[in-house]
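Let me begin by presenting the structure, written as structure tokens, before commenting on it.
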């Protein structure tokens, strides 16, 4: 080998060692950076004629376990969905309240029952009659609040859908921009590993909302699909469309067409049924709350309101009421109508004829709501009939409940039980998913930058650098000696 050939080989080795040192330093510096893929310098032997002439740098490769990362992203989606479900379930359960809470639905019912019984035992006592009317008002107000709270939860979900759609669209557009930059950089012979890192970070922003799959093309660009096959990013970024609702009430539904669905590049997506589009993540869970879980909860509390009103509307319970007139509980002043049950819980009111604040009188609770004048103070027949109606077991006609006969207190307890079971099931799923996510995240981090290994690589690079530097030093000495001999 000639001196010039040795120098050329050593210089190429020095250049490669310097590049390796830079890459290892970058790996160590970004060991804790989310989405960072470990870099490795790819080299090959340089051939001049038939002889080796050092090393040639082929490029920088980015290492990642795509299968493991894909599994972790699937867990991201399920974790996002479970968290949304748990939070909703906990808030719904708090709205209804547990029986040991005085302000709960069961507590209000128990209070009204106790005060009606007290009033029936002393029908001449105006204080006890007032207490019974106030307990009925508190019960109606509590049912109103539960209905309003359910619609607030639907409104919250609707608003969060709008935020999620904006974030997804922003991330998809960012991925599309990076695809264009990757094509440009690659065409100029540049390195694109940092652009791949940026794309990984953007994908991680989308994965909690939508379960997705990604694929890297041979030209370096990225394609993204949802688990159910919808293209989100290919030759360009697709755009999700959604119009948040300014308000929410029980009559607003996707089926009625008066709240927004979801579109992909202007094409409506199917959100109904067992496998809705883009389901399985936080976005799907939010739609589920707004369009299924919320309306189901509203239907149950409407059924409670209907059952309560119908107990006091029974024929013969209050002989002073004309046919078609409401009893103690009304639908905004009218007789509760089974054909207009949707939203009844939000309209439930105590009959104004028994409310002094509305021009009524509490003695009508004893003498009958249709009574014109006050009757005998010792007559407790209407009060006793009301107590019997409140505590009687009857079939619940709506709300998705079974046909079993139950008291109003049992109906309230079952409403709470259904909410609690939903929340407990969601918490169980959340616990399982969180454990799985933790395992996958730990494995992903373990497969990332190993700082101990990188430091060992630095020692080897130093040795290689020293060896090549020694070759150059020896070549210099040889040339100096040749020049001395020539003189």
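The values are calculated or read from the model by the stated rules, or taken from the named source; none is laboratory data. Because the structure is a prediction, the values reported are computed rather than measured. Using ideal geometry, Cβ is built from the backbone for each residue, glycine included, and neighbour counts are taken over all protein chains shown.
Key figures
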item: Residue match in region 248-266 (condition: assigned to a helix (DSSP H, G or I), farther than 30 Å from residue 106 by Cα and within 21 Å of the chain's Cα centre (by Cα)); result: no
item: So residue 132, is it closer than 30 Å to residue 369 by Cα, surrounded by 23 or more Cβ atoms within 10 Å (Cβ to Cβ) and modelled with pLDDT of 95 or more; result: yes
item: Hits in region 182-200 (condition: surrounded by fewer than 18 Cβ atoms within 10 Å (Cβ to Cβ), in contact with a helix residue (DSSP H, G or I) (Cβ under 8 Å, 6 or more places away or on another chain) and without any contact (Cβ under 8 Å) to a residue 60 or more places away in the chain); result: 185
item: Some residue of region 344-359 being farther than 14 Å from residue 133 by Cα, part of a loop (DSSP other than H, G, I, E, B) and without any contact (Cβ under 8 Å) to a residue 24 or more places away in the chain; result: no
item: Candidates 420, 466, 431, filtered to the one that is without any contact (Cβ under 8 Å) to a residue 40 or more places away in the chain, assigned by TED's automatic domain parsing to the domain that holds residue 295 and on the phi < 0 side of the Ramachandran plot; result: 431
item: Identity of the residue in region 235-247, over 19 Å from the mean Cα position of the chain (by Cα) and in contact (Cβ under 8 Å) with a residue 40 or more places away in the chain, that ends up nearest to residue 164 (Cα to Cα); result: 239
item: Cβ pairs under 7 Å, 6+ apart, first in region 371-384 and under 16 Å from residue 119 (Cα atoms), second surrounded by fewer than 18 Cβ atoms within 10 Å (Cβ to Cβ); result: 377/124; 378/124
item: Members of region 75-110 found to be surrounded by fewer than 20 Cβ atoms within 10 Å (Cβ to Cβ) and farther than 30 Å from residue 135 by Cβ, listed by number; result: 83, 87
item: Residues within region 118-161 that are assigned to a helix (DSSP H, G or I), in contact (Cβ under 8 Å) with a residue 40 or more places away in the chain and more than 43 Å from the chain's Cα centre (by Cα), tallied; result: 6
item: Single residue of region 368-413 satisfying the filter (in contact with a strand residue (DSSP E or B) (Cβ under 7 Å, 6 or more places away or on another chain) and closer than 30 Å to residue 88 by Cα) that is surrounded by the fewest Cβ atoms within 10 Å (Cβ to Cβ); result: 403
item: Number of positions in region 201-216 that are surrounded by fewer than 19 Cβ atoms within 10 Å (Cβ to Cβ) and either touching a strand residue (DSSP E or B) at 6+ places or on another chain (Cβ under 8 Å) or touching a residue at least 40 places away in the same chain (Cβ under 8 Å) (or both); result: 5
item: Any hit, region 181-188, residues being more than 18 Å from the chain's Cα centre (by Cα) and either closer than 27 Å to residue 290 by Cβ or part of a loop (DSSP other than H, G, I, E, B) (or both); result: yes
item: Selected residue (criterion: surrounded by the most Cβ atoms within 10 Å (Cβ to Cβ)) from residues of region 237-247 that are assigned to a loop (DSSP other than H, G, I, E, B) and touching a helix residue (DSSP H, G or I) at 6+ places or on another chain (Cβ under 6 Å); result: 242
item: Residue list for region 297-337, restricted to those being surrounded by fewer than 17 Cβ atoms within 10 Å (Cβ to Cβ) and outside any loop (DSSP other than H, G, I, E, B); result: 334
item: Count of residues meeting criterion [under 16 Å from residue 196 (Cα atoms) and touching a strand residue (DSSP E or B) at 6+ places or on another chain (Cβ under 8 Å)] in region 14-40; result: 7
